[in-house]
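The values are calculated or read from the model by the stated rules, or taken from the named source; none is laboratory data. Since the structure is predicted, the reported quantities are computational estimates derived from the model, not experimental observations. Please note: Cβ atoms are built from the backbone with ideal geometry, for glycine as well, and neighbour counts cover all protein chains shown.
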Amino acid sequence: MIGKVISAESDRITARILLDDIENINMGDLLIIESRFKYLARVSSIFSKNIGEPNLPDKIAVLTDRIDDMESLFGTQFYYAAECGILGVLDSGIKPAKTIPKFLSKIRKAESKDLDFLLKEGKNYIKIGRLRNMDLPIKIDIESFITKHAGVFGKTGSGKSNTVKVIIKEMIKHNIPCLVFDIHGEYGYKRGLGGRENVIVVGLPGGECDVSLTVPLQMIKPGDLRVMTTLTEAQEDAVALIHKRYGGKWLEYISQTDTENIVSEFENKIQMTTVLALQRKIGRIVDYNFVGRDFNSLNYIRDKIRQDKVIIIDFGDYEHDDWAIKLITSVISRFLLNKYKKYKKEEHKTKETLLVLEEAHKLLNVDTAKKTVFSDIVREGRKFNLGLCIVDQMPHKIFEEVLAQLNTVIIMLLTNIKDREHLVLSSENDLSDFKKEMKRLDIGEAIITGISVPFPIPAKIDLFSLSRSKKENFDQFEFNELDI
């Protein structure tokens, strides 16, 4: 026993902690309350109290250089307490608590045997770590994690990349197809999964890869330009007119046609200054050496995903080029979403597929989110077995409507109060009890909450192993013809 219940309400209790145990209790610890029912609780706050006069601590302050033992002078007027959220009632699993424990119910630390229902067997779970301070594996429901969308949040150095690598490694083990937008080269050959069986790194110049990425001009839509840059109303109208007439060749037309000829052809409905501005912006796109006309590596990516491969898009030298990041992530994700919609309409069976988006705030901020295909994916992707996992170190920059669609959230160390507040206010899950704990997590520690776990779990994420197994030969590739 480490303490007893001294007050309770519908979803939380306050416990008096025994003096000898106070430094053995940590925020996030799981506790068992023994009453008529067996309650599972989680420590959300630890504090000291006194039952004496209000200014007693001030009186003690002047005596601190003369006393070392509080009890010898003031007896038991001072005590330690913890506020704990009630997670549920344990009964062959965990159920919602509909009542409260009695006063003075005994409290002890949870043990592995109390939570043995977490030892789920079967193919529908991935293991990503262990309960903190307990030798019990954490298993996450695959279908809920993927199709109901997820987020991994933590400051730089908190262990986000390691967590994502562990998740992807488990997806490989279960033959779950994934597409990872690897902005900073965390998951490919340098420090990650490149070279493993069933993993293909598709890269831009400057990154080690198995296949070079080529995006056909015809796959780039006017919406992609809106995501990449701000268009005036006149530019919007001009793009709409040109796209309506030239379809998939709209970029070629604007970039290769003389300015005066464009103005003349559209009978002055488009002003020369508008054309010149569009040509400057579009010139930047067509000048990218990964934008081409001959091959369509998007079809290659699609075919490998259909074979349950993990595709990692390594951005190489373009890791700091926001235009390139927005262009590639938008084009590829829209292509896959449209294909999955088509598969469902034609009644082709598809596996749950996970898209992993790093640096999510670049595309899912309040100004851009509604323009991107990712807002469509979080809203309707689950209908087509396409899920999104967003990874970011600054969740306060992510549009709240996107955060509200994430039904599994893995929170690592967040020291910025804006990040913590934004997550608490925006998440579909009630994270209010974890706000203090978020800033005290150690490297590799996490809070996992949402529908893919039975209750909010204090976790220690497994350490990713760099061991690699033999993979297929990439000396020859068969590219499909352009399929738009």
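Could you tell me how many of the residues in the stretch 19-47 are of a type in the set (Lys, Arg) and not in a loop (DSSP other than H, G, I, E, B)?
The first filter runs over the stretch 19-47 and keeps only residues of a type in the set (Lys, Arg), leaving 36, 38, 42.
Going one step further and asking which of them are not in a loop (DSSP other than H, G, I, E, B), we end up with 38, 42.
Counting residues in the stretch 19-47 that are of a type in the set (Lys, Arg) and not in a loop (DSSP other than H, G, I, E, B) gives 2.
Quick test of your reading of the structure: Asn133 fulfils all but one of (1) of a type in the set (S, T, N, Q); (2) surrounded by 19 or more Cβ atoms within 10 Å (Cβ to Cβ); (3) modelled with pLDDT under 95. Name the failing condition by number.
Looking at each condition in turn, Asn133 falls short on (2).
I'd like to check something: does the stretch 227-238 contain any residue that is free of Cβ contacts under 8 Å to residues at least 12 places away in the same chain, out of contact with any Ser or Thr (no Cβ under 6 Å at 6 or more places or on another chain), assigned to a loop (DSSP other than H, G, I, E, B) and among the β-branched types (Val, Ile, Thr)?
Yes: one or more hits.
Checking Ser35 against (1) in contact with a Lys or Arg (Cβ under 6 Å, 6 or more places away or on another chain); (2) without any contact (Cβ under 8 Å) to a residue 40 or more places away in the chain, which single condition isn't satisfied?
Here Ser35 clears every test but (2).
In this structure, is Thr408 in the same structural domain as Phe455 (by TED's automatic domain parsing), surrounded by fewer than 16 Cβ atoms within 10 Å (Cβ to Cβ) and modelled with pLDDT of 95 or more? Please lay out each step first, then the result.
Values: in the same structural domain as Phe455 (by TED's automatic domain parsing): yes; surrounded by fewer than 16 Cβ atoms within 10 Å (Cβ to Cβ): no; modelled with pLDDT of 95 or more: yes.
No; evaluated as a whole, the condition is false for this residue.
Being surrounded by fewer than 20 Cβ atoms within 10 Å (Cβ to Cβ) and hydrophobic (A, V, I, L, M, F, W, C) is the filter here, so list the residues in the stretch 350-398 that pass it.
Val366, Met394
Can you name every residue in the stretch 330-359 that is farther than 19 Å from Met171 by Cβ and of a type in the set (Val, Ile, Thr)?
Selection gives Val331 alone.
Among the helices (runs of 4 or more DSSP H) lying completely within the stretch 343-454, list those that include at least 2 residues that are in contact (Cβ under 8 Å) with a residue 40 or more places away in the chain and under 27 Å from Leu131 (Cβ atoms).
On the way: elements: 373-380, 400-403, 417-426, 435-438.
Correct list: 417-426, 435-438.
Any residue at all in the stretch 164-171 that's among the aliphatic types (A, V, I, L, M), in a loop (DSSP other than H, G, I, E, B), assigned by TED's automatic domain parsing to the domain that holds His361 and under 21 Å from Gly387 (Cα atoms)?
No, that holds for no residue.
Which condition number does Phe117 fail, the rest of (1) closer than 27 Å to Arg382 by Cβ; (2) surrounded by 21 or more Cβ atoms within 10 Å (Cβ to Cβ) being met?
Of the numbered conditions (1) closer than 27 Å to Arg382 by Cβ; (2) surrounded by 21 or more Cβ atoms within 10 Å (Cβ to Cβ), the odd one out for Phe117 is (2).
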